[in-house]
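These notes are about the structure you will find just below.
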Amino acid sequence: MVINKQIRFMVMIFIVGVIMGTLSSIVMASSATSIKKSYSVNGYHYFNQATIHAEADNYVTAVLYAESAYEVPAGYIGVNARLYKNTSLCTSTGMSYNGNPIYGMGISTGGACGSGSYKANGVSAAWNGTSYNTYDSYDTPFLPY
C-alpha cells in the first residue's frame, strides 16, 4: 500500500510539473509588429513590416517581410531583419534577395542576447532598373524578455 501511495504521489508531482511548465511557456510568449511602410519603385508598389517574437527558452526572433502588390521578377526584392537588445544590435540576417518571381518574402533572425528589452526592424531593397533602393522599416515596440 505504501508503494502505491508513493507512485500516485510521484505521478501527481509529474503532472503538476508538466502543467506548470506549459503555462510558463504560454505566458512568456509575446510578439509585436511595426507599422507598415509603403513605397514604390520602378512601377512596383511595395511595403515592409517588422515583427518581433519572444518565446520561452531564451529565444527571440526578428522577422522582416516585404511584399509587392504584383508579382516581381527574380532579384527585385531584398530583405534584412535586425534584432536589438535595448539599443544595441544583437543580430542581423544580412540582405537576402528573391531567387524566383514572387509577391513577397520574409526573413528571420534567431537566438537572443540575454535578458533585456528587445525590438526589431529591418531594411528592404527594391530594384530600380540599375541598382537597389533601400527602405528602413519602422521599429517594433520594445518587448521585455
Seminar exercise, completed: If we keep only residues of the stretch 60-79 that are β-branched (V, I, T) and farther than 9 Å from S124 by Cβ, then the residue modelled with the highest pLDDT is V72
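Confirm whether E67 is surrounded by 13 or more Cβ atoms within 10 Å (Cβ to Cβ) and either part of a loop (DSSP other than H, G, I, E, B) or among the charged types (D, E, K, R) (or both). Let's see the steps before the verdict.
Numbers: surrounded by 13 or more Cβ atoms within 10 Å (Cβ to Cβ): yes; either part of a loop (DSSP other than H, G, I, E, B) or among the charged types (D, E, K, R) (or both): yes.
So E67 passes the test.
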Problem set entry | Residue list for the stretch 101-115, restricted to those being within 21 Å of S131 (Cβ to Cβ) and part of a loop (DSSP other than H, G, I, E, B) | P101
Exercise. When you look at N100, is it surrounded by fewer than 18 Cβ atoms within 10 Å (Cβ to Cβ) and in contact (Cβ under 8 Å) with a residue 40 or more places away in the chain, yes or no?
Worked result: no
Exercise. Is the stretch 118-141 home to any residue that is of a type in the set (F, W, Y) and under 17 Å from the mean Cα position of the chain (by Cα)?
Worked result: yes
Exercise. Among the residues of the stretch 71-96, how many are in a strand (DSSP E or B) and surrounded by 15 or more Cβ atoms within 10 Å (Cβ to Cβ)?
Worked result: 14
Exercise. Do we have L64 as among the hydrophobic types (A, V, I, L, M, F, W, C) and either over 17 Å from K36 (Cα atoms) or in contact with a helix residue (DSSP H, G or I) (Cβ under 6 Å, 6 or more places away or on another chain) (or both) here?
Worked result: no
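Matching residues to (1) touching a Phe, Trp or Tyr at 6+ places or on another chain (Cβ under 8 Å); (2) of a type in the set (F, W, Y); (3) modelled with pLDDT of 95 or more; (4) surrounded by 20 or more Cβ atoms within 10 Å (Cβ to Cβ):
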{"site": "T109", "(1), (2), (3), (4)": "no, no, no, yes"}
{"site": "S115", "(1), (2), (3), (4)": "yes, no, no, no"}
{"site": "S124", "(1), (2), (3), (4)": "yes, no, yes, yes"}
{"site": "N128", "(1), (2), (3), (4)": "no, no, yes, no"}
{"site": "S131", "(1), (2), (3), (4)": "no, no, yes, no"}
Exercise. Is there a residue in the stretch 92-109 that is more than 19 Å from H45 (Cα to Cα), among the hydrophobic types (A, V, I, L, M, F, W, C) and under 17 Å from the mean Cα position of the chain (by Cα)?
Worked result: yes
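Test Y138 against the stated conditions and say whether it is crowded, with 20+ Cβ neighbours inside 10 Å, among the aromatic types (F, W, Y) and at negative phi.
Working: crowded, with 20+ Cβ neighbours inside 10 Å: no; among the aromatic types (F, W, Y): yes; at negative phi: yes.
Judged against the criteria, Y138 is not a match.
Using the structure shown, decide if Y46 is touching a residue at least 12 places away in the same chain (Cβ under 8 Å), surrounded by 21 or more Cβ atoms within 10 Å (Cβ to Cβ), more than 18 Å from P141 (Cα to Cα) and of a type outside the set (A, V, I, L, M, F, W, C). Full working, then the answer.
Values: touching a residue at least 12 places away in the same chain (Cβ under 8 Å): yes; surrounded by 21 or more Cβ atoms within 10 Å (Cβ to Cβ): yes; more than 18 Å from P141 (Cα to Cα): yes; of a type outside the set (A, V, I, L, M, F, W, C): yes.
The answer is yes for Y46.
The values are calculated or read from the model by the stated rules, or taken from the named source; none is laboratory data. The shown structure was predicted, so the numbers you read here are calculated from the model rather than taken from an experiment. Heads up, the Cβs are rebuilt from the backbone with ideal geometry, glycines too, and the neighbour counts pull from every protein chain shown.
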